[in-house]
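Coordinate-derived values only; no laboratory data. Just so it is clear, the model here is predicted, and its values are computed rather than measured. Cβ coordinates were reconstructed from backbone atoms using ideal geometry, including for glycine residues, and neighbour counts include every protein chain displayed.
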Amino acid sequence: MTFCLKSTIIKPEKDENINNVVVLFHGYGGDGKDISMLTLSWKRHMPNTIFICPNGHETCVINPSGYQWFDLTNDDPNYILEQSLKAEKKINEFLNEVKEEYNVENKNIILSGFSQGCMMSINVGLTAEQSFACIVGFSGKIINIENLKTKKRNNTNTLLIHGDLDDIVSPTHLLEAKDFLIRENVNVETHLIKNCGHHIPIEASSIALKYILKKI
């Protein structure tokens, strides 16, 4: 099956049965191949898991060789929300295709992402009718708290990791998201990585892997 979003796919070795799906959403200007690097240290611990890393549905405005989930050249919050909702719709279409192709349900799917991909993981993950296995977000934030509050439909377990030196997405957004999720009865775990900027260090990858293994 050809998915509506072109994807980098890492299948289980030795034709293992697929019991779980990890969907990895890249950051602004990246692509599925970029974010798929996380699977190098994860896949040997998850033999019955397929990793799917889709490209954003739009070519990145400032980096035409990469992709975006929503445009960031206009910083108007209403515009960003509008564009992110378009991305949500496309991602939900994509996830329905994944569920049909691999005969899995939301409870078998881990949503994870970096930066803009983290933002989409949170929005898509918490607005679905059924909970996902978990949400794992790196260096992101909640795009629009008021909008998410009105649309939230489940309490998917969530892990958020952020670098304390992040100068692209401020680590204050980690605390803001944690506060909101606690108030909304979401079981949330957060980690602030010391001396870390806007990237995913080995420490963060290891924390994420341990968390995921508890949820599948």
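I'd like the trypsin sites (Lys or Arg not before Pro) in the stretch 176-216 restricted to DSSP loop residues with at most 14 other Cβ atoms within 10 Å, sorted by number.
LYS194
Can you give the convex hull volume of the alpha carbon atoms of the stretch 109-216 per residue, in Å³?
80 Å³
Give me the base-10 log of I(q)/I(0) for the chain at each q in 0.07, 0.09, 0.15, 0.16 Å⁻¹, Debye formula, one uniform scatterer per Cα, rounded to two decimals.
Those come out to -0.18, -0.31, -0.92, -1.06, one per q.
If I stretch the segment between GLU184 and ARG44 completely, what's the gain in nm (0.36 nm per residue apart, minus their alpha carbon distance), one decimal?
This chain segment gains 46.9 nm when fully extended.
Considering the dipole of the stretch 7-215 built from charges on the beta carbon (Lys and Arg +1, Asp and Glu -1) around the Cα centre, which of HIS199, ASN147, ASN106 is farthest to its positive end?
Checked the options; the winner is ASN106.
So what are the ³J(HN,Hα) numbers for the stretch 85-97, from phi and the Karplus equation (6.51, -1.76, 1.60; θ = phi - 60°), rounded to whole Hz, Gly and Pro as x?
So the Karplus estimates, Gly and Pro as x, are 5, 5, 5, 4, 4, 5, 5, 5, 4, 4, 5, 5, 5 Hz.
Can you work out ³J(HN,Hα) from phi for every residue in the stretch 128-138, in order, using Karplus 6.51 cos²θ - 1.76 cosθ + 1.60 and θ = phi - 60°, giving whole Hz and x for Gly and Pro?
6, 5, 10, 5, 8, 4, 5, 10, 10, x, 10
Going Cα to Cα from LYS215, which aspartates and glutamates come in below 17 Å? Please leave out same-chain ones fewer than 8 positions away.
Within the straight-line limit of under 17 Å, LYS215 reaches these aspartates and glutamates: GLU105, GLU189.
Using θ = phi - 60° and the Karplus form 6.51 cos²θ - 1.76 cosθ + 1.60, what ³J(HN,Hα) does each residue of the stretch 28-41 get, whole Hz, x for Gly and Pro?
Running phi through 6.51 cos²θ - 1.76 cosθ + 1.60 with θ = phi - 60° gives 4, x, x, 7, x, 5, 4, 6, 5, 4, 4, 5, 4, 9 Hz.
With Cβ to Cβ distances under 15 Å as the rule, what net charge do the other residues near GLU101 carry (K, R +1; D, E -1)?
Neighbour charge sum, excluding GLU101 itself: -1.
According to a simple spin-label model (label point 7 Å from Cα along Cα-to-Cβ), what is the distance in nm between HIS199 and GLU146?
3.8 nm
Just flag the GluC sites (Glu not before Pro) in the stretch 8-85 sitting in loop per DSSP whose Cβ has no more than 10 other Cβ atoms within 10 Å.
none
What 222 nm value per residue comes from the helices of the chain, counting each DSSP H run with n ≥ 4 as -39,500 (n - 2.57) and dividing by all residues, nearest 500 deg cm²/dmol?
-11000 deg cm²/dmol
Along Cα→Cβ, 7 Å out, is where each label goes; now give me the distance between the ones at HIS191 and GLU129 in nm to one decimal.
Computed distance between label sites HIS191 and GLU129 equals 3.5 nm.
Please work out how much length the chain gains when fully extended from ASN154 to LYS86, using 0.36 nm per residue of separation minus the C-alpha to C-alpha distance, in nm with one decimal.
22.4 nm
Starting from 0.36 nm per residue, how many nanometres of slack lie between LEU165 and LYS14 once their C-alpha separation is accounted for?
Using 0.36 nm per residue and subtracting the Cα-Cα distance, I get 50.3 nm.
The stretch 22-74 to the stretch 139-216: how many Å between their Cα centroids?
17 Å
DSSP loop (so not H, G, I, E, B), at most 12 other Cβ within 10 Å: list which chymotrypsin sites (Phe, Trp or Tyr not before Pro) in the stretch 41-83 pass both filters.
The qualifying sites: there are none.
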